[in-house]
Amino acid sequence: MNSLYYQKKLSRNVVDKFFTSLSVFCALIAILPLIFVVTYILIKGGAQINPDLFALEPNPPGDDLDAGGINPALIGTLVITTIASIISIPVGVGGGIYLAEYSKGGPFSKFIRFGVNVLAGVPSIIAGVFIYALIVSTKILFGSMYSGLAGGMALSILMLPTVIKTTDEGLKLVPNELRYASLGIGASMYTTVLKITLPTAFRSIATGVVLGIARAAGETAPLIFTALFSYYYITGFGDLFYEMGSLAVLIYNFALEPYDAQNKLAWAASFILVLSILSVNIFSRILAAFTEKTKRV
Amino acid sequence: MIKTNKKTPKNIILSLEDVSISYGTFEAVKNVFLNFKAGDITSLIGPSGCGKSTVLRALNRMNDLISNCSLKGTVLFDGTNIYDKRVDPVEVRRRIGMVFQQPNPFPKSIYENIAFGARINGFAGDMDELVESSLRKAALWDECKDKLNDSGYSLSGGQQQRLCIARTIAIEPEIILMDEPCSALDPISTLKIEETMHELKKNYTIIIVTHNMQQALRVSDMTAFFNAIEYEDGDGGKVGYLAEFNSTKKIFNSPKEKTTQEYISGKFG
């Protein structure tokens, strides 16, 4: 009879130990890039932060003394992401409502779900080239070529699948009893969706939307083809129709410059971009945790 | 209003004429003829799978929400076949409200739970008054008058179910359908709901599905016993049918059918 006590030298216990440590080791390696990237950017970029950064225009490369600030790029990123949200949130939430509430699982809704999944996997540069061909090269927007508006459109293509999917899944989590309750007292379908199911799923939808925005804000490739870049302050509504700077493209442009001042500016921009995406992600986590807690309000 | 020229006897508020309901190709219940009298509580009893819940859901077109469900025959309400193509199911559900098996309050305050239905029905009167009177009719007012702004989920299961009844009353339907309203509740809550039903009888017609025969005996004036028989082709599938319909007293004391006798004495089901 074997003893009931734990025996270290037993081969199954040795192998077990080995596999446990191996998986821990792999997990640590997996997290390393994130830690290194974030700390490196925080250290390199954090050193460049000063009030002027947020207020000034960047100086053209070559002026070796002072690179200026990232104000236009910062505002540009905000504007372009807002345009992307304005386009993709209503369309995406509406499409998600159709999939979850109205479609009966027929071939059309299956096709849409498949299409959304494919769209989610399309490389972002394709979205940029698509809008370039459709909007920029045709000058269809009142004769303007590269513009903030076109940039927002390209990003909205990237946001759309995330918004549709999270809306669809968020609504599916709403128990059917709630729908029956509402319909059973004579509410119409749209009242039920607007007043009961959508508010119940609101927080999980909001979480998905926030994640979609965070993804779009960091994209570079689609903006190179659409919004291009600008050194100048955004002063008014009309600037939407001209080239617009963004943090991501500023980093791309200035990191490749041979001048030290521009490189430093790129680091600073990276710092701001990483920090804001990180905080948006954390915000969505908090939102999700909040949803979890108040599920049975 | 769409009227057909069919005549229904006086006092009959709702009548089923040769109704058969199928899910896809599977026939759930067949050839039901049934008349519900206004102001009565009618209970539908029978073993599982006999189609009594299916019939109940057919009465206010909740079956429309199940995609492959279809109905043959006519359901006459207020002189109109509610399965006529021109009928708006939303309007039907406003006049025939429903209470479900699981208490399902909206994730809103107690007050809003009741105001919701009234508001979408275009209620223009004093909402506070309506909320109070609905809660009083559902015997819930005393327990929650001080916390009308609390969430509906803060109530106990039995209170939630009475809230759902109050919510249904608030839209002032003519008929209230109840699908095993007490199956998720403890005996004390059940008793309270039954008392509520006795109160409601004064103003509403109630049709209730129940598995609890004592409850049918306690609350209802009329009882319909549904049973299920195997298909003749013998593949094991069962189809429900209305076995017997009579006053509750007669069903429980001197049933005509042997199966009714066996079911109420607990021999099967």
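Data overview
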| item | result |
| --- | --- |
| Whole-number D in µm²/s for the protein assembly as shown (Stokes-Einstein; Kirkwood sum over Cα pairs; 25 °C, 0.890 mPa s) | 85 µm²/s |
| Residues of type aspartates and glutamates that residue A:104 reaches as a straight line, Cα spacing below 18 Å, ignoring anything fewer than 8 places off in the same chain | A:168, A:169, A:177, B:64 |
| Rough spin-label spacing in nm, given labels placed 7 Å along Cα→Cβ, for residue A:190 and residue A:283 | 3.1 nm |
| Amide H partners (placed H, <5 Å) of residue A:69, local residues excluded | A:56, A:57, A:59 |
| Segment residue A:37-residue A:52, extension gain: residue separation times 0.36 nm, minus the distance between their alpha carbons | 2.9 nm |
| Under the Karplus curve 6.51 cos²θ - 1.76 cosθ + 1.60, θ = phi - 60°, whole-Hz ³J(HN,Hα) for region A:231-238, x wherever Gly or Pro sits | 8, 9, 4, 8, 10, x, 4, x |
| Least to most buried among A:111, A:225, A:241, B:225 (fewest other Cβ within 10 Å first) | A:111, A:241, A:225, B:225 |
| Mean-position separation - Cα centroids, region A:89-124 and region B:202-225, in angstrom | 45 Å |
| Relative contact order (percent, whole number), chain B, Cα cutoff 8 Å, 6+ residue spacing | 26 percent |
| Longest site-free stretch - chain B; sites: trypsin sites (Lys or Arg not before Pro), DSSP loop, at most 14 other Cβ within 10 Å | B:11-84 |
| Proximal lysines relative to residue A:9, as straight alpha-carbon distance under 21 Å, when same-chain residues fewer than 8 apart are discounted | A:17 |
| Residue exposure sequence - A:85, B:134 - by fewest surrounding Cβ within 10 Å | A:85, B:134 |
| Choice from B:32, B:239, B:90 with maximal GNM fluctuation in chain B (Cα, 10 Å cutoff) | B:90 |
| Burial ordering of B:188, B:110, fewest other beta-carbon atoms within 10 Å first | B:188, B:110 |
| Radius of gyration and maximum dimension Dmax of region A:70-247, Cα, Å | 18.5, 60 |
| Out-of-range pairs (alpha-carbon distance over 27 Å; input A:195/B:201; B:202/B:258; B:37/B:250; A:172/B:137; A:139/A:264) | A:195/B:201; B:202/B:258; A:172/B:137; A:139/A:264 |
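Each reported figure results from applying straightforward, stated rules to the coordinates on display, with no laboratory input. Predicted, not measured: the structure shown is a model, and the values here were computed from it. A quick note on method: Cβ atoms are made from the backbone with ideal geometry, for glycine too, and the neighbour counts reach across all protein chains shown.
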